[in-house]
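A.B. asks: Here you go, one structure.
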């Protein structure tokens, strides 16, 4: 096995679960998360020489997977009318009601806020690191985090699932 | 209180991992196979263009033609809202045409072919390979004594890509056919097949009986698009007048049957792009050749507005008083930071390889502004007003194939032109981005490489161009991702 193939496989095996988890939080749909994540790894392999030398290949994968997912959402937006006509599509319910409520709330906040929330609260990135990864001013990231948290708190309150969540404060 | 919020949100987000139990990805080898399939296709397409380009003293890598169009409003289905997980995971190759599908009841023997048919001008296969929204892709080729059929099945991550493919083909043919070749004979919309479809027939050279004649059909059903390319020699088309819908119809029938378990074919037919039934006004011309004079103007230019008195005049956009990116907008471009506006800088001095001059493309107002960053990186932004949307469409479209003919190879340095990528930019009708690396040859040790990333986006009659030039790539290999954000902001600033 060529060295770069082994490197790629090792990288894939070490990171794919984490990226899939993050993409699931971002998309709220396991099938979408799987597809976007796998596609991102395929694109990484196409330019593995470059990606492997990036400061964070995992960040590269996450960014590309996010772009693929965001593209899907734009398509989904075109289908709102059909959703009203036909009702919500069937999907496999999450086994945990808490997960259902959280995923539903995440899907209702804007894409950019959802991305910031997931990167900050799940990935554990600082505001500055998110700004760097997304190419967005840190002030904008702070605003997205603040608004996203406020929106999530409200949405989860509306569903009776506050779970102690209250919005407020500035992003750290 | 905030800490409680953060802690609980973090705990709940982390807890989502439980939903992944029992879920797995196909593995690294599957990812490599998916990538390899695309790479093989790109190499196949690149070899042909590369031969011609090298002869001209030009180094070309991964040339392609592509374009995107405004998001269409296709008939939405449940699958376009939330893709059916079973359909998403299915293997597209099972939904490809078979020799029996193509043969139908014609009695012609078809067989699967190792070589998937000749490359044709403006080949949609190359466009597909370059589109960033492709999620899955399968291809098959077939041959008979009379010609070949090639099919690409593509699952896209956005709803605009099918129309984008059709428009890319039309735009490329319009561009390349400016001198008469290839000669477009028919461009129609397919009806009764899939959610939407288009079909184009064209001749590489109708005066050469050995040259190839092609019929390209793009049919979308839900999130999957079938692209079929039928090829035969010009001599074999003698007597053909009506477009034969059999192949795209068979392709759609099989695609929907295998992927969705239903039929997406009702009453196949065609209409011209303005909605009229073309059979009501049959085109004149000899019956032993194309239905219109192929050496003349294209029979149907989809870029031309419909001759409909009820069509409202195009609303032309104006430039904002300050149409350029602010310093805050360019405070961070990938890993490069701290750019400042430099009104004293000559914007044309920033290296933007393969970029056409907007002024030479009919722009009525062109403005440029330079930015720099600690003197080792520069950005240039151009904003231009064109007389109409079609002019801008052609300007952007020209850059989807321009890397085929740009880039330089010298004794001491050589340029590698990256594959242009269609990017989805908020607020844009379409956009494209590409990179060029200028590297020293082995005979020129000690010199540094240079990088240029360029993005072009349009909305209405306005086009914006952002070019980045430095010693290295600030995007970590994802220039389209960086360009997407810059172009969205640039458009927002540019339009009044």
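A.B. asks: Taking residue A:116, is it surrounded by fewer than 18 Cβ atoms within 10 Å (Cβ to Cβ) and either modelled with pLDDT of 85 or more or outside any helix (DSSP H, G or I) (or both)?
C.D. replies: No, not satisfied.
A.B. asks: Against the condition more than 9 Å from chain B (Cβ to nearest Cβ), at pLDDT below 80 and more than 17 Å from the chain's Cα centre (by Cα), how does residue A:93 come out, does it pass?
C.D. replies: Taking the combined requirement at face value, the residue satisfies it.
A.B. asks: Considering the range A:36-55 alone, what residues qualify as being at the interface with another protein chain (Cβ under 8 Å from one of its Cβ atoms) and without any contact (Cβ under 8 Å) to a residue 12 or more places away in the chain?
C.D. replies: A:38, A:42, A:46, A:47, A:50, A:51, A:54, A:55
Conditions (1) in contact (Cβ under 8 Å) with a residue 24 or more places away in the chain; (2) assigned by the TED database to the domain that holds residue B:106; (3) under 13 Å from residue B:151 (Cα atoms); (4) in a helix (DSSP H, G or I), marked per residue:
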{"site": "B:218", "(1), (2), (3), (4)": "yes, yes, yes, no"}
{"site": "B:230", "(1), (2), (3), (4)": "yes, yes, yes, no"}
{"site": "B:235", "(1), (2), (3), (4)": "yes, yes, no, yes"}
{"site": "B:248", "(1), (2), (3), (4)": "yes, yes, yes, yes"}
{"site": "B:254", "(1), (2), (3), (4)": "yes, yes, yes, yes"}
{"site": "B:258", "(1), (2), (3), (4)": "yes, yes, no, yes"}
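A.B. asks: Scan the range B:338-374 for residues that are surrounded by 15 or more Cβ atoms within 10 Å (Cβ to Cβ) and more than 23 Å from residue B:394 (Cβ to Cβ) and jot them down.
C.D. replies: Hits for the range B:338-374 are B:339, B:341, B:342, B:345, B:350, B:351, B:369, B:370, B:371, B:372, B:373.
A.B. asks: (1) more than 7 Å from every other protein chain (Cβ to nearest Cβ); (2) modelled with pLDDT under 80; (3) surrounded by fewer than 18 Cβ atoms within 10 Å (Cβ to Cβ): which one isn't true of residue A:134, the others all being true?
C.D. replies: (3)
A.B. asks: Sticking with this structure for a sec: Out of the residues in the range B:14-37 meeting the condition of being more than 17 Å from residue B:138 (Cβ to Cβ), at the interface with chain A (Cβ under 7 Å from one of its Cβ atoms) and outside any helix (DSSP H, G or I), tell me which one is nearest to the chain's Cα centre (by Cα).
C.D. replies: B:25
A.B. asks: Related question: Here are the criteria: (1) modelled with pLDDT of 80 or more; (2) outside any loop (DSSP other than H, G, I, E, B). Tell me which single one residue A:71 does not satisfy.
C.D. replies: (1)
A.B. asks: Name every residue in the range A:31-43 that is under 18 Å from residue B:33 (Cα atoms) and modelled with pLDDT of 85 or more, in order of residue number.
C.D. replies: Looking only at the range A:31-43, we keep the residues that are under 18 Å from residue B:33 (Cα atoms), and these are A:34-43.
Once the filter is applied, which keeps residues that are under 18 Å from residue B:33 (Cα atoms) and modelled with pLDDT of 85 or more, the range A:31-43 yields A:34, A:35, A:36, A:37, A:38, A:39, A:40, A:41, A:42.
A.B. asks: Before we move on, is residue B:120 closer than 28 Å to residue B:100 by Cα, modelled with pLDDT of 85 or more and not in a strand (DSSP E or B)? Working first, answer last.
C.D. replies: Values: closer than 28 Å to residue B:100 by Cα: yes; modelled with pLDDT of 85 or more: yes; not in a strand (DSSP E or B): yes.
The answer is yes for residue B:120.
A.B. asks: Look at residue A:25 and say whether it is in contact with a helix residue (DSSP H, G or I) (Cβ under 7 Å, 6 or more places away or on another chain) and either not in a helix (DSSP H, G or I) or not assigned by the TED database to the domain that holds residue A:5 (or both).
C.D. replies: Spelling it out, it is not the case that residue A:25 is in contact with a helix residue (DSSP H, G or I) (Cβ under 7 Å, 6 or more places away or on another chain) and either not in a helix (DSSP H, G or I) or not assigned by the TED database to the domain that holds residue A:5 (or both).
A.B. asks: Sticking with this one: Surrounded by fewer than 22 Cβ atoms within 10 Å (Cβ to Cβ), in a strand (DSSP E or B), touching a residue at least 40 places away in the same chain (Cβ under 8 Å) and touching a strand residue (DSSP E or B) at 6+ places or on another chain (Cβ under 9 Å) - does that describe any residue in the range B:476-492?
C.D. replies: No, that holds for no residue.
The values are calculated or read from the model by the stated rules, or taken from the named source; none is laboratory data. Please read all numbers here as calculations on a predicted model, not as lab measurements. Every residue, glycine as well, gets a Cβ built from its backbone with ideal geometry; the counts of neighbours run over all protein chains shown.
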